[in-house]
Structures are given as structure tokens and as C-alpha cells.
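Below you'll find the structure, written out as C-alpha cells, and then a few comments.
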Amino acid sequence: MTAVDARILDEAAHWLARRHASDFSESEHAELMRWRGQSAIHEHVWQQAERLKERMSAVPAPMGMAVLGRPRRAAGRRQFLKTAALALGAPALGWLAYRRLPWQAWNAEFRTATGERRSVTLADGSRILLNTATAVSADFDGTFRRVRQHAGEILVETAHSARYADQPFIVQTGDGEMQALGTRFIVRMHEQGTTLSVLDGAVGITPARSAQRTVVQAGERAEFDSQAVRAVAALPSEADAWTHGVLYAHDMRLEDFLAELARYRPGVLQCAPDAADLRVSGSFQVNDTARVLDLLTRTLPVRTEERTRYWVRVARR
């Protein structure tokens, strides 16, 4: 099960929530059956998800599977997750729960949904812009100004308040810490590693399992993981395009472009192998991903294949 595509796990959890919702419709049932029939892996993951639901039978009704689909009350989410942690014994179920029950992100102070952007101002006046599917928490303890990033991508503009002048501003991911040195910067989390893009000032990176500090200057981008800073390179001019709702592409492989576009679109967006190496250039508004896909079909020799509104594949004509 560890080799299963994370998207299949996410889809299974979505359908698990919808299947047991009071407004689950006949058309959705048909979509679910088509999803299960896509492959043996889809059906296997679904069976594991159903077993997960059975193990959750002890959860009080108000905290049932609707919480999984529409997390609203923090207390309910926490209780549900505690119950899930006790119930999940099989490795496959544990992996499904890990992928779809991100307790840190659910309980984060600030969050955005897929396709959403949000600006927040912290106690010291610093501003954080959250990109799609992002979760962060802020902890000002009198010694440090610490922002814990659990998922997604943020742009940070640090403030220079005299009250907080002696408290370092730090952004922390699972890969390490980034200390702002009077600056404006972007942090993006990946499945493997973190990318730091410095727009103004400088930022010091200290990986989680290393004492070595690397200072990244304005106009530079660094990739790092918990072990080390892997690479420092010149920052692309369009690094902050997403803050304006724009996805910028310059001679980008279609497969890579669709992977970026998928961040702003719920469900699955795939690229067929025969279309993967087609090239895309231009500026695209991510607020309307359907329009972007339509534009691709007008400018490239591709078509879209839609099995459901949550599953779209782009292939050659």
C-alpha cells in the first residue's frame, strides 16, 4: 500500500465522507462506482476505507464521517482524530489516515482550501499570504516569533515593530527553520523537501538535522531537506506570480504545467504520457482552472477526458 498514489488515497477519503453523508445522491453513487472500477488498486483502497469507517463506529454521531468531509468544529475534529489514532491498526489503514487526516493542518490557526488564497496579519504586524491548500500556526512566546507551516505555500512580509525587535522571526517546516533577516520571502512545502525563495533581504536556513546555517540572499532560491541545503540558484522573475492568482509558464512541459495547475483544482488532473512533453508558455489565471484547460485544448493538439467532475485527463488529439 505504501506505493499507492497519494491522490487515490485522497479521493478514497473524499468518497468515504460523501458515501455516508445524508445528502449522498444517486448520481454520486454512480460516480463512486465508476471510480472504484478504474483499477484493482482503487477498489482495494476503497475496501480499506470502508474498514476504516467500520472501525470508527464508536465515534459519536455528531462527530461522524461528516467531520472528515467538512471539518468545522475544532473540538470535534480533535476527538475524531484521537479515536482514529486508537482504531487504526493495519498499515494500509494507517497510511490512509495519515494522508487524509492531517491533524496538524486541521488544527492550524490559519488555513486555506484548494484554490483559495488568504492574507493574515500577525500580532507583530507581519503579513502572511497563504496560497492554495495551506495551513500555518503562529506562536509568539516572548522569545521567538515562530510560524509553523504544516502544508502548502506562504509569502511572508516581516514587520519591524520595536516591541518585537529582539524576538527572531522564524518559519518552521518539517525540514528545518528559516530565520528572517529583515525580509520578504516565500516558503513552499513539497512531498520531499522545502523551497525557500527570497524576494527582499535575507533568510538563514538551518536544516532540522544539521547545525550548519546557510544564508540565502534576495534574488536567490534554495531547496533543502532535513539533512542539508541541496541547492541555491537564481530566483525566477515570476516566483511570486501566484500571489496575483497567476500561474506563469515558459516553455514548460505540459505534464509539469498540469501538476502545478492541479494544486488549484479539487480532484484529479492527469496528463497522458503521449502529451507529457508538449510545451506550454504564457500566464494563466488559476481562479478558473476549467478555462485554462479549455485554452489548452484550443492552443495545443490535446483534448480533455472527463470521467467525473473530479477526474480529468489531458491527452493528445
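Data table
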| item | result |
| --- | --- |
| Relative contact order of segment 187-317, pairs being alpha-carbon contacts under 8 Å that are 6 or more residues apart, as % | 17 |
| Net charge contributed by nearby residues that have their C-beta within less than 9 Å of Leu155 (K/R +1, D/E -1) | -1 |
| DSSP beta bridges in segment 110-234 [antiparallel fraction, %, rounded to 5] | 95 |
| Between segment 183-253 and segment 101-171, the Cα center-to-center distance that results, in Å | 17 |
| For segment 277-283, Karplus couplings with θ = phi - 60° (6.51, -1.76, 1.60), whole Hz, Gly/Pro x | 9, 5, 9, 10, 9, x, 10 |
| Cα convex hull of segment 245-316, projected area averaged across orientations, nm² | 4.0 |
| Label-to-label distance, nm, for residues given as Arg313 and Phe24 (7 Å Cα→Cβ offset) | 2.6 |
| Two-decimal ratio, segment 100-184, of alpha-carbon radius of gyration to 2.2 N^0.38 Å | 1.06 |
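Read-outs throughout are calculated quantities, based only on the coordinates presented, and are distinct from any laboratory measurement. All values derive from a computational prediction rather than experimental measurement. Cβ: placed from backbone, ideal geometry, glycine included. Neighbour counts: every protein chain shown.
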